[in-house]
Amino acid sequence: SHEAAITQLYSLYENPDIDEDYRLLVYHCRCMMDPLWRIHDMVDTNKTVALWFNGKEVGKDTAIGTLCANNEKSRITVKVALSGGTAPSLEPRISYDQQREMRMAFA
């Protein structure tokens, strides 16, 4: 049943043996399925959201595949933010000291 699936997702999320990528997937599935978790009154329906890729807003009729290369091993990051607003923040850059530490580890 639906309730049993939600209960299973909650128990999976709290399992310390699963890796973080799988935990994130379970978290998002749980958020979509659990009607008690979703709070509709906190969402402002007057604002529209858009997908952002590479610091640019993706049009509603644009497929993400047209913006990146056709490589099976590629991973892309698409973010959701307000339409017409500023671009979402980028991932933090690696500092010079961190680069040196990484080079020393592989040397």
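Quick one: which of Leu90, Leu25, Leu9, Leu51 is at pLDDT 80 or above, hydrophobic (A, V, I, L, M, F, W, C), out of contact with any Lys or Arg (no Cβ under 8 Å at 6 or more places or on another chain) and surrounded by 10 or more Cβ atoms within 10 Å (Cβ to Cβ)? Before you say what the answer is, go through the steps one by one.
On the way: Leu90 fails: at pLDDT 80 or above; Leu9 fails: out of contact with any Lys or Arg (no Cβ under 8 Å at 6 or more places or on another chain); Leu51 fails: out of contact with any Lys or Arg (no Cβ under 8 Å at 6 or more places or on another chain).
Just one listed residue meets the conditions, Leu25.
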In region 60-102, the residues that are more than 20 Å from the chain's Cα centre (by Cα) and of a type in the set (D, E, K, R): Asp61, Asp97, Arg100, Glu101
Residue count, region 69-106 (criterion: in a strand (DSSP E or B) and not small (Gly, Ala, Ser)): 4
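Report, by residue number, each residue of region 52-68 that is assigned to a loop (DSSP other than H, G, I, E, B) and of a type in the set (Asp, Glu).
Applying the first criterion (assigned to a loop (DSSP other than H, G, I, E, B)) to region 52-68 yields 54-55, 59-63, 68.
Within region 52-68, Asp61 is the sole residue that qualifies.
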Number of the condition not met by Ser83 [criteria: (1) among the small types (Gly, Ala, Ser); (2) touching a strand residue (DSSP E or B) at 6+ places or on another chain (Cβ under 6 Å); (3) modelled with pLDDT of 85 or more]: (3)
Residue that is farthest from Glu57 (Cα to Cα), among those in region 71-87 that are open to solvent by less than 100 Å² (accessible area, probe 1.4 Å) and among the hydroxyl-bearing types (Ser, Thr, Tyr): Ser74
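The values are calculated or read from the model by the stated rules, or taken from the named source; none is laboratory data. The structure displayed is predicted, hence computed values, not measured ones. A quick note on method: Cβ atoms are made from the backbone with ideal geometry, for glycine too, and the neighbour counts reach across all protein chains shown. Note: areas computed on protein heavy atoms with side chains; ligands, DNA, RNA excluded. Shrake-Rupley method; radii C 1.70, N 1.55, O 1.52, S 1.80 Å.
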